[in-house]
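Heads up: the structure comes next, in structure tokens.
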Amino acid sequence: STTSTDSTMKDSSTMTQAPPATPAPPATTMIIKQKVANFAKWFPGYEAHDSARVANGLRNFVVARGINKDSNMVLVALHMDDTAKAKQFAMSPGLMDAMKKAGVIGKPTISYNVSKFHDSTTDASTERAILNFKVKDYDAWKKVFDGDQQDRMNAGMTTRAINVDIDDPNLVSLVMVITDMKKTEDFMHTKELKHRMDSAGVVGGPPDVFFYHVVKQY
């Protein structure tokens, strides 16, 4: 009888055991960079259009504004539930009209990214830089990048996020938190950094760098 009780207990414990948790899929984001005529007028127009974004599986994440001479450049990051739907929405006449009404000038640049790394515990500074560039091989680049962490910290930068293009994993979008703008700008122009990027396999010219500050994080 002891054996049957033991086997019953074993059976019931097996039944109540929770199945292993499925890892969450990596976050995907849509990033829009656009020029506006007047940020103070554009922002309420952007927020008023939220229901249309939600209907297309897009959720507010970050609204940011360029620093100094780029103060009329706006960066918007949105979480995506469905990439195909987001791409369709980006091409819709309704969105183009809403952008025009809000004072968007020219054609926005839009990218669709998948997250490789995100650290929300980084320094609370709202000053950031986003660097977009192409590499020969993501894994080879990442190895060199990881080895340079101390140099970046000495230059007033910590890594906030690493994203890659949804269709091309060798197109990297790097978000850095800036704690010392002067040090960071000086570091960005050093020959040493250029050599490091070359050795890491960065191709197609220097990164496209955009300095901004976060206006609202949702």
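The values are calculated or read from the model by the stated rules, or taken from the named source; none is laboratory data. Fair warning: this is a prediction, and the values are worked out from it, not measured in the lab. Positions of Cβ are backbone-derived with ideal geometry, glycine not excepted, and every protein chain shown enters the neighbour counts. Only protein heavy atoms, including side chains, enter the accessible area calculation; ligands, DNA and RNA are left aside. Shrake-Rupley method; radii C 1.70, N 1.55, O 1.52, S 1.80 Å.
Filtered by the rule that a residue be within 17 Å of the chain's Cα centre (by Cα) and either aromatic (F, W, Y) or in a helix (DSSP H, G or I) (or both), the stretch 45-85 gives F61, T83. Going through the stretch 151-168 one residue at a time, which ones are buried (at least 16 other Cβ atoms within 10 Å of the Cβ) and either part of a strand (DSSP E or B) or over 14 Å from the mean Cα position of the chain (by Cα) (or both)? Passing the criteria: R152, A155, G156, M157, T158, T159, R160, A161, I162, N163, V164, D165. Within the stretch 103-124, one or more residues are closer than 18 Å to L75 by Cα, touching a helix residue (DSSP H, G or I) at 6+ places or on another chain (Cβ under 8 Å), not polar (S, T, N, Q) and not in a strand (DSSP E or B).
Every residue, every condition in (1) modelled with pLDDT under 95; (2) open to solvent by 40 Å² or more (accessible area, probe 1.4 Å); (3) touching a Ser or Thr at 6+ places or on another chain (Cβ under 9 Å), yes or no:
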| residue | (1), (2), (3) |
| --- | --- |
| S115 | no, no, yes |
| D137 | no, yes, no |
| F145 | no, no, yes |
| Q149 | yes, yes, yes |
| S173 | no, no, yes |
| I178 | no, no, yes |
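Looking only at residues of the stretch 130-184 that are among the polar types (S, T, N, Q) and touching a residue at least 60 places away in the same chain (Cβ under 8 Å), we find that the one that is farthest from D208 (Cα to Cα) is N163.
The lone criterion from (1) under 30 Å from I178 (Cα atoms); (2) in contact (Cβ under 8 Å) with a residue 24 or more places away in the chain; (3) not aromatic (F, W, Y) left unmet by K69 is number (2).
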